[in-house]
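Right, one structure below, let's go through it.
The values are calculated or read from the model by the stated rules, or taken from the named source; none is laboratory data. These numbers come from a predicted model, not from an experiment. Ideal geometry is used to build each Cβ from the backbone, glycine not excepted, and the neighbour counts take in all protein chains shown.
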């Protein structure tokens with residue numbers, strides 16, 4: 001067990017590579033002039049080679065159909081950079097590039113099978129309902145019918161590609177994968193608890209971040225703030241808004257991927273960062289922090305005010321902040337939206353993350369792992385995200401300069417060895 005834990009810690013705290021501007025490739029929507037402007041600004045500030053820009057003919061809106069994603073975005077992008085495959089470590093999507101990819105539609109063979117399957121489903125549902133109403137029903141017959149029904153329903157989910165919509169950026173992480181399932185998510189081989197066998201069983205995963213927001217000027221400001229803060233180090237307090245939910249490692253949520261596990265991870269974040277010498281304010285009550293609760297905030301993590309931004313903090317330049325709830329990045333550009341991500345960006349936050357549709361709690365990184373890695377100063381923003389996200393081809397988007405390292409020159413840092421799988425007493429899993 002001690003050897004296994006050592007391997008996990010090595011995977012979590014050992015840098016995979018030192019990211020440089022030449023490793024970054026920028027995706028531009030040629031139909032949105034501001035998209036090119038953001039790319040040029042990033043090149044000027046970070047020194048990304050000009051030839052590392054790929055211009056694509058994309059819709060101007062935040063949603064793109066699955067067909068257009070395949071034929072106008074992923075396919076042309078893959079063709080444009082295939083000769084540089086080993087060099088492409090990071091993709092940056094810019095203001096104007098669609099945010100969310102739509103549902104995968106069944107092909108002709110799948111439609112044919114569905115036509116045969118659905119009448120059987122109707123019959124089985126009726127049979128199960130009738131058996132459940134009958135007081136003297138044969139329990140074995142009912143169990144068998146339910147088993148068959150569950151099996152056919154599972155097959156229907158595969159054929160219809162249920163929950164196959166996703167964040168464009170999360171889908172792009174699998175750019176080099178020729179084929180993969182489109183029902184829900186794919187376990188991320190870069191996730192720090194992934195086994196070496198799993199990691200080596202698949203093509204490379206690409207790190208992806210986005211320079212986006214309510215305006216192109218805000219997207220540019222994310223880069224300006226990142227560059228400025230790296231020179232002096234991120235200053236300010238840490239605010240953690242937990243909910244007081246108890247985590248039971250012996251209960252149904254033994255891996256800590258439910259509400260209790262994430263709440264415990266928030267408390268562990270507070271403890272970890274306070275130990276490193278950062279000023280931490282932890283609220284462990286169920287209620288969300290009220291407006292104007294804290295000033296001078298460098299890091300914020302809280303939950304659960306769904307699609308209802310609360311202006312609870314005043315942020316320092318370079319702040320990294322995100323709110324765990326189900327819809328907080330359904331849009332980044334609608335000015336009237338009340339979701340958290342665009343409003344955090346308008347309040348001056350330098351980096352955030354959130355889901356473009358229902359992600360479930362497991363669609364978020366564990367706060368103690370993400371913020372712990374960030375506060376070591378050993379990793380860029382996009383590396384912290386890539387190492388702590390459990391899934392690819394799913395719902396979450398990272399917004400911010402991928403090369404941003406806010407604690408690179410900070411006086412107070414977390415020791416890499418102190419960043420442990422969270423929650424600490426949860427059951428460890430690995431794909």
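Brief remarks on what is shown
- A single entry from 231, 220 fulfils the requirement of being over 24 Å from residue 366 (Cβ atoms), touching a helix residue (DSSP H, G or I) at 6+ places or on another chain (Cβ under 9 Å) and in contact (Cβ under 8 Å) with a residue 12 or more places away in the chain: 220.
- Selected residue [modelled with pLDDT of 95 or more, surrounded by fewer than 24 Cβ atoms within 10 Å (Cβ to Cβ), under 13 Å from the mean Cα position of the chain (by Cα) and within 24 Å of residue 282 (Cα to Cα)] from 361, 388, 352: 361
- Checking 131, 105 one by one, the residue that is more than 21 Å from the chain's Cα centre (by Cα) and in contact (Cβ under 8 Å) with a residue 40 or more places away in the chain is 105 and no other.
- Unique residue being under 19 Å from residue 29 (Cα atoms) and in contact (Cβ under 8 Å) with a residue 12 or more places away in the chain when the list is 110, 62: 62
- Some residue of the range 98-114 being out of contact with any helix residue (DSSP H, G or I) (no Cβ under 6 Å at 6 or more places or on another chain) and under 21 Å from residue 43 (Cα atoms): no
- Residues that are within 23 Å of the chain's Cα centre (by Cα) and touching a residue at least 24 places away in the same chain (Cβ under 8 Å) were ranked within the range 69-84; the one that is surrounded by the fewest Cβ atoms within 10 Å (Cβ to Cβ) is 78.
- Qualifying residue in the range 298-311 (condition: assigned by TED's automatic domain parsing to the domain that holds residue 377, in a loop (DSSP other than H, G, I, E, B) and under 22 Å from residue 421 (Cβ atoms)): yes
- Test: residue in the range 282-289 that is assigned to a strand (DSSP E or B) and closer than 24 Å to residue 423 by Cα: yes
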